[in-house]
Every structure is written in structure tokens, then in C-alpha cells.
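Asks: Structure provided below as C-alpha cells; questions to follow.
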Amino acid sequence: MKLFLCALLLFPVLAVAKGFVPPSFQANYEESLVSVTGKIKKSFGKVEYKFPGHLRFEVTSPVPSLFVVNPNKTWFFQPAFVKGERDQVTIQRSANLPLIKFLDSVKDGIENSKLFTTTYQKNDLVLTFVKTIQKEMGFEEVTLHATTDARSVKELKGFERITLKHINRNKTTIRLIDLKENVSFPQGHFEFTPSANTKVIE
């Protein structure tokens, strides 16, 4: 779960130019995590983002969960695994979440970033984090894969998949499906209200 959180929060850093990533979007996702031993774990769900500092994603398979972030609070909701047990939600302050801060800081582009360098390798755009930020982010590199010269891709939809290289040498490949840009979310969408029977951890 932690790995996927990092992955999702990195999507909007792909702002090669203004307008490349919209101020809001939603998409379904497919994720494949490949460990250093070669074992593959897959997950599926939905991700939604709104600038500044709003994120909501739902893991639908294999283990359902929901993560909601706004500038003030975060909620991590886990439905009960066994009938008769209580659902659980962990609530925390959102202050100084490093990846949210990073996400919002690059809405206008990635040129001259102090956090990473950019390299074009034919159909790939590679973002390499500086050593001092790699541990905080949990990644060494993020590679965007296109079907044509990456320099010619002007929007997020132009990349077919994203590969994240973790500092522990694991790799995650992610595909965004049915990406919708400039989405208007209803009021309260980036908040979570647990039921009366939910166990609350603060």
C-alpha cells in the first residue's frame, strides 16, 4: 500500500510544459509491482486528484482500501476482512506531507527543478531524483514510456505506462486507463466520514 501511495502522488510531476497535467483528473489504474526476487503483485483501482493537495484513490483489488487527502487531513480506510469485525480508519494531519508538497510544486512544469533531472531516451522521459531527496520520496527514478519520441509528447495521455524504480530496487509499472482531465468534483469529495461502527485511530 505504501508503495502505491508514492506512485500515485508522483503522477502529476510529469508536467513537461504548462497544461501537460491538468489541475484535476481522474482515472482507473493497473499496477504491477515486481520485487527484486521477480515476484509480481498486481492491484487495480481508481485515482482522483485536484490541485492543491487533494487526492483520493481507491484500491478495489486484491485488498480493498481507500485513501483520501486534503490540505488539512488524511484518511486511510480499511474495510473489515472478516465478517463481524469492525471497519477501521486512520486519521492524521496533512501538514508537511512531502509527496503532496512535491506534487503541487510542479504544476507549472519540471524545468529547472531542484529535486530531479530530466533525460530523454528516444521514447522515454526519465526523471532522476537527486540523492538528497531519494530517501524522502522512496524512488530513484520515474520513467514515462511513450509509443513515439518522448520529446513530442505534450500531455499525460501520450504516455502509455509509467515505471517507478524504488530505492530498494523493486520496480512498479502503472497504466492509467480512461483518463479524464479537468474534472469537477462534488463538495466534500476529498473528505471521509466513517460510519458509527468504524474504529477510528487518530
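Asks: Taking a 20 Å limit on the Cα-Cα distance, which of the listed pairs Lys135/Lys165; Lys41/Lys180; Lys122/Lys157 fall beyond it?
Replies: Lys41/Lys180
Asks: Find out how many positive minus negative residues lie around Gln134, taking Lys and Arg as positive, Asp and Glu as negative, among other residues whose Cβ is under 12 Å from that of Gln134.
Replies: 0
Each value in this text was obtained by applying a stated rule to the coordinates, not by laboratory testing. Since the model is a prediction, treat every value here as computed from it, not as a measurement. Positions of Cβ are generated from backbone atoms using ideal geometry, with glycine treated the same way; all protein chains shown enter the neighbour counts.
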